[in-house]
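J.: Attaching a single structure in structure tokens format; questions to follow.
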Amino acid sequence: MAEFKGYPTTETYKDIASGSFKLGKSLASQRSKKAVDLSKYENVRQASQEPTGSGTNFQDLGPITTPYGGSTNYEAYHPGIDVAMAQGASIPSTVGGKVTEVVGGKKWTPDTPSFGNYVVIQDEKGNFHRFSHLSNSFVEVGQDVVKGTSVGSAGGTGSTYSQHNSGPGYHLDYRIYDLAKKYYFNPLTYLK
């Protein structure tokens, strides 16, 4: 496998995840409808003005339950989108690229922030696409995938939750990280 300059490591994603959860905790008291000043946070970009509200279908996978910039139990500002899906539903890659990381063996951790099982794909522009909370992954590190390749199945691993019951909320957490600019951006804007 070819070496990539600036190739992210598991530690890089741990740093990003840690920053994301710290951002959420620091903004938790601002969960009202007040505007949140994100200028002091380097790893998120403000949401576009395009509608990304609940009920929007994402590539026919399911309704978006948390839009980009929305809030979750762990993040006051969610730098991705959550898509409700049935447990075990196949998740197609939204882009072609190279699989750079596959994390498996995780369980449901309702009290501890975690992305659970996930797959990361680097696209031709250098952006990293993370598909989180999977039950299973169907790809390997170093594998080239084309758009539409099934990367895994929807699950409830990591810190997923359901607003309707005490069990895990089966969904896909999808985020895109621009390594050069050092921020997450709206997947719906990117994929248009």
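The values are calculated or read from the model by the stated rules, or taken from the named source; none is laboratory data. None of the values given here were measured: they were computed from a predicted structure. Cβ placement follows ideal geometry from the backbone for every residue including glycine, while neighbour counts extend to all protein chains displayed.
J.: Condition check: of a type in the set (Gly, Ala, Ser) and part of a strand (DSSP E or B). Does residue 114 satisfy that?
T.: It is false that residue 114 is of a type in the set (Gly, Ala, Ser) and part of a strand (DSSP E or B).
J.: Pull up region 159-178, narrow it to residues that are over 15 Å from residue 67 (Cα atoms) and part of a strand (DSSP E or B), then point me to the one that is modelled with the lowest pLDDT.
T.: If we take residues in region 159-178 being over 15 Å from residue 67 (Cα atoms) and part of a strand (DSSP E or B), then 178 is modelled with the lowest pLDDT.
J.: Look through region 124-150, keep the residues that are at pLDDT 95 or above and of a type in the set (Asp, Glu), and return whichever of them is farthest from residue 101 (Cα to Cα).
T.: In this case the residue turns out to be 144.
J.: A further question on this structure: When you look at residue 115, is it aromatic (Phe, Trp, Tyr), over 19 Å from residue 85 (Cβ atoms) and touching a strand residue (DSSP E or B) at 6+ places or on another chain (Cβ under 9 Å), yes or no?
T.: no
J.: On to the next question. In region 73-110, how many are surrounded by fewer than 20 Cβ atoms within 10 Å (Cβ to Cβ), out of contact with any Lys or Arg (no Cβ under 7 Å at 6 or more places or on another chain), assigned to a loop (DSSP other than H, G, I, E, B) and in contact (Cβ under 8 Å) with a residue 24 or more places away in the chain?
T.: Total satisfying the criteria: 11.
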